[in-house]
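Peer 1: Supplied in structure tokens, the structure appears directly below.
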Amino acid sequence: MRINNDQIREYNQRGQAEHSRMLGFLAETLEKRGIDVNETINRLHELQVAIPSWALGSGGTRFGRFPVGGEPGTLEAKLEDVGLLHKITQATSSVSLHIPWDIPEDASARKKQAEELGIRFEAVNSNTFQDQPGQPYTYKFGSLSANDSMSRNLAVEHNLEVIKYGEMLGSKSITVWLADGSSYPGQNNFRRAFRNTEDSLHKIYEGLPTDWKMLIEYKPYEPHFYSTVIQDWGTSLMLAESCGKQAYTLVDLGHHLPNTNIEQIVSTLIMRGRLGGFHFNDSKYGDDDLTCGSIKPFQLFLICNEIIDGMNQNTAGNPPIEWMIDASHNLKDPLVDLMQSLEAIRLAYAQALIVDREALNEAQSANDVSRAQEIIQDAYRTDMRPLLAEVRKQHGGALNPLGFYRDQSVREQLIAERGKNVVASGL
Ligand code: LRH
Ligand code: MN
């Protein structure tokens, strides 16, 4: 289904008066603080977040899955849903595909469809954490790190194939996440597993087009529960630097042990010029893949604060960061959940944009701890939502995406169009 501008304009008119009142108050507050409201609006619109193609249907766990109905059963339908999200939010101008879940049978048709929808293809993701039907060598005991060179070579070939699909679609980066690891002490030789992985990544890196990036995603555990070959940011950084200038780390917020200071990791990786991208989500315990900002919104703000501070200085020439969501929707309508995540990411970024960095630097240099805290918390405690609504409106989006989605009964229309039992490929 497609939404037209009149539907959005008509809906926005109903909320315009309240929006003007809220925006007027906020703009006055920000101007009093010496903040350029229009420049902030432009910086916010530039923040486009990629949608994961594997999270457009209902997610599940080993205990169960509860389909929402009207799910996109094909890559074509998935692109329609990302187009829909972008039409309503003006914040999702790209999609991140997962191969083989989203192999483009007709890449030029999909590329043309994406252009019509105003979206493009962000990083493509390889998958060496599942064996495909009839696969000659298993990934059960690893892929790029496997003891069996046949499994390693197969995994390298798969990643080179994923790059080929990405090139057909106009993507410029590949994300490599490995489930490789062990579940029992003694099962793996850590050094051999690391060196096999390093060697395999070098082979993939040799096949990387000169204008591409390789994003190496780390994770401490799951699906293995004793060790993971690429377990943390340091290991990912070592491998990226070992590969070459086009290799970077990818930070999935859910891939950290409890209480890890992720914002400090972000600051360190930018300082090193090796922060390639994010998978945004939230979690209470493990890799819960929950809605961004639903559990630790202050952490999300602090991460955005380090991104802005780091990229403002950027002495190491860190490239523009790829912003992507990686979540799983076990309870909520996937499109609603994604719109909530987009709002949380932009809200945290908006609050980080208004941090008084000059005053903060003075307070930090003077060891004026409470003053520094107040400066950070002032920004975090500023309700920037009216500005987010204005950014959308100025670019043809809905003042209130969830309100519009419900007002237009979008899910009901998708169910009428696709049926209740279509299952979207993915997690
Ligand atoms: C692993 C991960 C990775 C994807 C997968 C869908 O936990 O975060 O980014 O390949 O989820
Ligand atoms: Mn991820």
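Peer 1: Show the residues, 5+ positions off or on another chain, whose built amide H is closer than 5 Å to the amide H of D282.
Peer 2: Those lying under 5 Å, H to H, from D282 are D289, L290, T291, C292.
Peer 1: Also, I was wondering about something else. Excluding residues on the same chain fewer than 8 positions from K420, give the lysines whose Cα lies under 30 Å from its Cα.
Peer 2: K420 reaches K78, K87, K111, K112, K332.
Peer 1: Using heavy-atom solvent-accessible surface (probe 1.4 Å) with all chains present, what is the largest-first order of S425, S93? Working shown, then result.
Peer 2: Values: S425 45, S93 20 Å².
Reading off the accessible areas and sorting them downward yields S425, S93.
Peer 1: Leaving out same-chain residues fewer than 8 places away, which lysines sit with a Cα under 27 Å from that of K140?
Peer 2: K164, K203, K219
Peer 1: What is the list of residues in the range 32-61 whose amide nitrogen lies under 14 Å from a point 7 angstrom out from the Cα of V423, following Cα to Cβ?
Peer 2: Under 14 Å, as judged by backbone N against the label point of V423, lie 57-61 of the range 32-61.
Peer 1: Can I ask one more? Of all beta bridges DSSP finds with both residues in the chain, what is the antiparallel percent, to the nearest 5? Mind dumping the intermediate values first?
Peer 2: On the way: 5 of 30 bridges.
Close to 15 percent.
Peer 1: Given axes a ≥ b ≥ c from the Cα gyration tensor, I'd like to know whether the range 81-148 is rounded (a/c under 1.5), prolate (a/b larger than b/c) or oblate. If you can, show how the numbers build up before the last one.
Peer 2: On the way: a/c = 3.79, a/b = 2.45, b/c = 1.55.
It is prolate, given that a/c is not under 1.5 and a/b is the larger ratio.
Peer 1: Using r as the Cβ-Cβ distance of L402 and Q373, and R0 as 30 Å, what FRET efficiency do you calculate, to the nearest 0.05? Don't skip to the answer; put the middle values down first.
Peer 2: Details: r = 33 Å, r/R0 = 1.09.
So, using R0 = 30 Å, E works out to roughly 0.35.
Peer 1: Would you pull out the residues with amide H under 5 Å of E71's amide H, same chain only if 5 or more places away, H placed 1.01 Å from N?
Peer 2: So E71 has HN proximity to V422.
Peer 1: Still on this model: Would you work out if the range 296-379 is rounded, prolate or oblate? Take a ≥ b ≥ c from the square roots of the eigenvalues of the alpha-carbon gyration tensor; rounded if a/c is under 1.5, else prolate when a/b is larger than b/c, oblate otherwise.
Peer 2: Values: a/c = 3.35, a/b = 1.76, b/c = 1.90.
Oblate is the answer for the range 296-379, as a/c is 1.5 or above yet b/c matches or exceeds a/b.
Peer 1: Using alpha carbon centroids, what distance separates the range 312-369 and the range 145-178, in Å?
Peer 2: 30 Å
The values are calculated or read from the model by the stated rules, or taken from the named source; none is laboratory data. The structure presented is a predicted model; accordingly, all values stated were derived computationally and were not measured. Cβ: placed from backbone, ideal geometry, glycine included. Neighbour counts: every protein chain shown. Keep in mind that these areas ignore ligands, DNA and RNA; they rest on the heavy atoms of the full protein, side chains included. Shrake-Rupley method; radii C 1.70, N 1.55, O 1.52, S 1.80 Å.
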